[in-house]
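The structure appears right after this line, and notes come after that.
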Amino acid sequence: MKNWIEKQFHLKQYHTDLKTEFLAGITVFVTMAYALAAIPNMLEETGVDKHVMMTIMVLLIAVTTLAMAFYTNRPFALAPGLSSAGIVAAMIAGDQVPVKIAGGIVFWSGILFLLITFFGLREAVVRAIPASLKYAVSAGIGLFIALIGAKGAGLIAADQARNSLSFGNLGSPEVLIAVLGFVVLLILRAKRVPGDMILSILTATAAGIPLGVTKLPDKIISMPAPIGGQLFNIDILGALHVLYLPFLIALFVPDFFATVGTILGVGARAGYLDDNGNFDGIDRCFQVDAAATSFGALFGMPGMTTYLESSAGIEAGGKTGLTVVFTSIFFLLALFFAPAALIIPSAATAPVLVYIGISMLEAMRHIHYDDITESMPAFMCVAFTALAGNIANGICTGILSYLVMKAAAGKVKEIHVFMYLLGAVSVLYLYTLV
């Protein structure tokens, strides 16, 4: 078995071992576990059975993540994107798009991904993006992740009076638990204790029991719901009607930029980018990501995508696909132990997300600050990813400002031809927001 694992995942080559990959896999699972409740609850508003959708979601996470692990040997886990689930739920509940048509739109979005991926267009587009923006995407995602963690714990909240973000209730049990977890994580990280993130999460979860933050389940084991009725519950041909084209654009464009941003951002943190900011083998990651979207649509699941929380496993030392093999196994176990898996509160995982997010700002050291046509677009990408609460918003803002500043500075020759295409797509995306 050890020989097979070494041959498949090349642990020695990546200077890692089975224990490290195992702990990293658990870390990814724990930081992604919120999806077990969040996605089915969002989809329940569309009229589907959330228990059925949870079973489907877990199976899809396992299958697509295993595909990523064995095909790319990268520690990237996949799951339904929260933004995709939100868009699909809004289509059905707000815009009265039939459920089967919405599934068809997701399917065609995946097909578009597959086409541009297998024709090499996605990799060409990624190579066209300047290195400064690639590293800015990583840093922007870092701030975004940190903000998600802080908001999830109640440390940061919306201040309606000032129309801005500010500290939440610092005396609330959730915030106290999050602060405790963060302090424990910092101490363990400083002492280089293996499994520091898991220990931090477990400590915060245990401390949350007497404070009522951690809700103990009535039962530990539950049987998964049958999924037969949900298979092929989509209208592929009906979704091709011109009436639904705007919905396809609204779903495809942000998902495209979000996926590119996530893989680049997490890849940068893992050290996969070369001196030019290129990611060797990124096309394989895109192929799995694209196929996962269309495959998931056959079960009525919103776009499957590479998850930001994969960075938690990388921060925990995971370097190969074996990390997310363990993540997949834990998700499959969650099919039967879902009540136990769901007791981990967001306040316990928030410190890990905040720490990872802050760590990802390290990517900014690669930016040439002596060239304002490089540094300013990079900073705009970082700022608007966090402030506008969306990876696509930050990338599009960075791309457009890059084009404007390079042209104004008389440096048109430095602009790759594909950047103009990305600029046009960015304008189209921002127009859909209007």
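The values are calculated or read from the model by the stated rules, or taken from the named source; none is laboratory data. Predicted model, so just to flag it, every value in this text is computed and none were measured. To get the accessible areas, we keep the full protein, side chains included, count just its heavy atoms, and leave off ligands, DNA and RNA. Shrake-Rupley method; radii C 1.70, N 1.55, O 1.52, S 1.80 Å.
Structure notes:
- Portion, in percent, of the accessible area of the chain that falls on carbon or sulfur, probe 1.4 Å: 67
- Under-5 Å amide H pairs with Leu165, H placed in peptide plane, nonlocal only: Asp159
- Using a probe of 1.4 Å, the accessible surface attributed to Tyr71 totals some 100 Å² when neighbouring protein chains are kept in position.
- Against the empirical 2.2 N^0.38 Å (N residues), the chain has a Cα radius of gyration ratio of 0.95.
- Rg in Å to one decimal, and Dmax rounded to a whole Å, for segment 280-374 via C-alpha atoms: 17.4, 56
- The overall shape of segment 12-166, judged from the alpha-carbon gyration tensor, is rounded, with an a/c ratio under 1.5.
- Bridgeable aspartates and glutamates around Lys2 (alpha carbons under 18 Å apart, same-chain partners fewer than 8 residues away excluded): Asp17, Glu21.
- Protein heavy-atom accessible surface, 1.4 Å probe, per residue over the chain: 43 Å².
- For Thr305, the amide hydrogen comes within under 5 Å of the amide hydrogens of Ala79, Gly81, counting only partners 5 or more places away or on other chains and with H modelled in the peptide plane.
- Under the criterion of Cα pairs below 8 Å and six or more residues apart, the relative contact order for segment 110-191 equals 14 percent.
- Alpha-carbon centroid distance for the pair segment 82-148 / segment 412-434, whole angstrom: 16
- Listed residues Leu298, Leu422 arranged by accessible area, highest first, probe 1.4 Å: Leu298, Leu422
- Rounded to the nearest whole Hz, the Karplus-based 3J(HN,Hα) values (6.51 cos²θ - 1.76 cosθ + 1.60, θ = phi - 60°) of segment 58-67 follow the sequence 4, 5, 5, 4, 5, 5, 6, 5, 5, 4, with x at glycine and proline.
- Ranked from largest to smallest solvent-accessible area, with a 1.4 Å probe on the protein heavy atoms, Arg122, Arg162 come out as Arg162, Arg122.
- Computed accessible area, Phe167, all protein chains, 1.4 angstrom probe, square angstrom: 140
- Segment 361-371 - phi-based ³J(HN,Hα) in whole Hz, Karplus 6.51/-1.76/1.60, Gly and Pro as x: 5, 4, 4, 5, 5, 7, 7, 7, 6, 7, 10
- Where the Cα pairs of segment 298-342 fall when distances are cut into 5 Å bins, in %: 5, 17, 19, 22, 25, 9, 2
- Dividing the mean sequence gap of close Cα pairs (under 8 Å, 6+ apart) by how many residues the chain holds gives a relative contact order of 34 percent.
- Glu6 sits with roughly 50 Å² accessible to a 1.4 Å probe, with DNA, RNA and ligands left out of the calculation.
- Segment 168-288: relative contact order in percent, alpha carbon pairs under 8 Å with at least 6 residues between: 15
- Working note: Karplus 6.51/-1.76/1.60 with θ = phi - 60° gives segment 199-215 the couplings 4, 5, 5, 5, 5, 5, 5, 5, 5, x, 5, x, 8, x, 7, 8, 9 Hz, where Gly and Pro are set to x.
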